[in-house]
Amino acid sequence: MKKIYLMYPKVVGSIAPEIYGHFTEHLGSVIYDGIWVGKDSDVPNIKGFRKEIIEKLRAIKAPVVRWPGGCFSETYDWRDGIGKERPVRHNWWTRWDGRFEPNKVGTHEFIDFCEAVGAKAYFAANLTSVQPLHILNWMDYCLSARGTTTLAIEREKNGHPEPFNIPFWGVGNENWGGGGNMSPEFYGNEFRRFSEIMYNVFPNTELFACGENATDFSWTDTLMRTLVNSERHINGFAMHYYCGSAGDPLKFTDEEWYKQLSQASEIEKIIVRNWNIICGHGMQDSAKLVIDEWGCWYPDGSGPSKGRNLFEQQSTMRDAAVTALTLNIFNNHCDKIRMANVAQLVNCIHSLFLTSGKDCIVTPTYHVFDMYKEHQGAQAIETFVTDNGDFSSSVSVSASVKEGKTLVTIANLSCNQDFEISLESIGNDMPDTAEASILYSDDMHAHNTFESPDTVTVSQTTIDPKKPITLPKTAILSIRL
Ligand code: AHR
């Protein structure tokens, strides 16, 4: 029997809703035939965007969507996506998939999408191939009050009199790599140059600096050293962590199940390590973590397009387990995290949706976001599990309280053992009944397809939380107390 202690007096902090954020890049079929189908399409749409995705994102309360990249943003000219005449350009990814960028989705269209979803926008600004004035003009166009500047008037003529809701701006992306191959010192000075201009005119935006590549903590240390004595126009440190692959995305072994979870769990050490460095420089009030790309990344070809869509992959119960584990880690470290964006929303790396033409399905990952949605904006409390810490026999847990209700989310990380669990409430009464949702399949390789869209789906039940509960192998459980 595993006991899960809910430590009500021990509050970790508030879970920023944005920790449940998303990411869409002009890459493969994330945008075109992903979220965007076009206004004249037979596929039901709202202002050109796939209605089914919009409705399902509303259902999980998607709080924020990052756009337009990724690496794509480092060659993006926002002017290409404004007005009636849209140029066709090389996309950052053209070399990999031969597709050109039609710019049919630009700033106005993406904001239409966010407004339909009810999400805030997080724009990733290009720092590599433009000057700060270019980004300032984009901000002016997007954020200036109605009828003030020439660019605000141009925005109004293009159909949006009121400013767009874009509170978050990334200042570069992966500048240690595709974003200019910069050293941390060089990037730090570039960040100062750009953020000074951006902050000066739009001080109410949150500006995020580029974080390190996976475990390259020297980037974190040097960047903080470069920024600590400057004017601090930094509101977040945008780290990326992809936990790679272990075996085939669909036909993995038990060992590969554990290897993938072990790789995913590394994110906790990276969070703590980065945070310690940030605190060591006294930057904890300025540079909370923004984990704006995370997920499993397998070789291409397992998705429905069979490799035509760059980076598209299928998602099984193993990806659901990685999602549950990762979101529990984020909740348990919410005091350090400003935002997180799973990469990427549709037809891509660790996606919530797979689409093609009229077909649109959710992956097991979508269901986890649905089961966890009430953590958004809640107070995380500490939990303690009587576990031996070995993946093959452990569960991952987080719990939070909002408006007097507790949400406990539990993932059985074992692919071959069911566990008896009991909930122990410390400092609060346990009710007699609770609503529970469970994501389970007796096959850990189970996944949804266009032909069989509900192979992996959620069941609802009522439980007595004072009695032991059986948590089947690989299952993910959410309990609302
Ligand atoms: O998500 C795909 C790519 O991965 C992004 O463009 C880039 O930021 C990262 O390397």
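The values are calculated or read from the model by the stated rules, or taken from the named source; none is laboratory data. These figures come from a predicted structure and were not determined experimentally. Note: ideal-geometry Cβ built from the backbone for every residue, glycine included; neighbour counts use all protein chains shown.
Things to note:
- Being at pLDDT 95 or above, farther than 30 Å from F384 by Cβ and within 14 Å of the ligand (Cβ to nearest atom) is a property that Y32 lacks.
- Among the residues listed as G188, G179, G170, the single one being assigned to a loop (DSSP other than H, G, I, E, B) and touching a residue at least 24 places away in the same chain (Cβ under 8 Å): G179
- Selection within the range 242-276: residues that are surrounded by fewer than 23 Cβ atoms within 10 Å (Cβ to Cβ) and among the aromatic types (F, W, Y). The member of this set that is farthest from C334 (Cα to Cα) is F252.
- Residue within the range 93-103 that is without any contact (Cβ under 8 Å) to a residue 24 or more places away in the chain, buried (at least 16 other Cβ atoms within 10 Å of the Cβ), away from the ligand (no atom under 16 Å from the Cβ) and under 23 Å from W169 (Cβ atoms) present: yes
- Tallying residues that are within 16 Å of the ligand (Cβ to nearest atom) and at negative phi within the range 170-222 yields 19.
- The sole residue among N309, N388, N341 that is assigned to a strand (DSSP E or B) and either at pLDDT below 95 or under 23 Å from N173 (Cβ atoms) (or both) is N341.
- Out of F252, F237, sole residue that is outside any helix (DSSP H, G or I), closer than 25 Å to N347 by Cα and either in the same structural domain as K336 (by TED's automatic domain parsing) or of a type in the set (A, V, I, L, M) (or both): F252
- Checked against (1) more than 30 Å from N274 (Cα to Cα); (2) out of contact with any Leu (no Cβ under 9 Å at 6 or more places or on another chain); (3) within 16 Å of the ligand (Cβ to nearest atom), T128 meets all criteria but (1).
- The condition of being hydroxyl-bearing (S, T, Y), modelled with pLDDT under 95 and within 16 Å of the ligand (Cβ to nearest atom) does not hold for T24.
- Of all residues in the range 339-362 being farther than 14 Å from E55 by Cβ, among the polar types (S, T, N, Q) and surrounded by 24 or more Cβ atoms within 10 Å (Cβ to Cβ), the one that is nearest to the ligand (Cβ to nearest atom): Q344
- Residue match in the range 150-158 (condition: more than 23 Å from W275 (Cα to Cα) and part of a loop (DSSP other than H, G, I, E, B)): yes
- If the condition is being of a type in the set (K, R) and either surrounded by 16 or more Cβ atoms within 10 Å (Cβ to Cβ) or assigned to a loop (DSSP other than H, G, I, E, B) (or both), then the range 34-73 contributes K39, K47, R50, K56, K61, R66.
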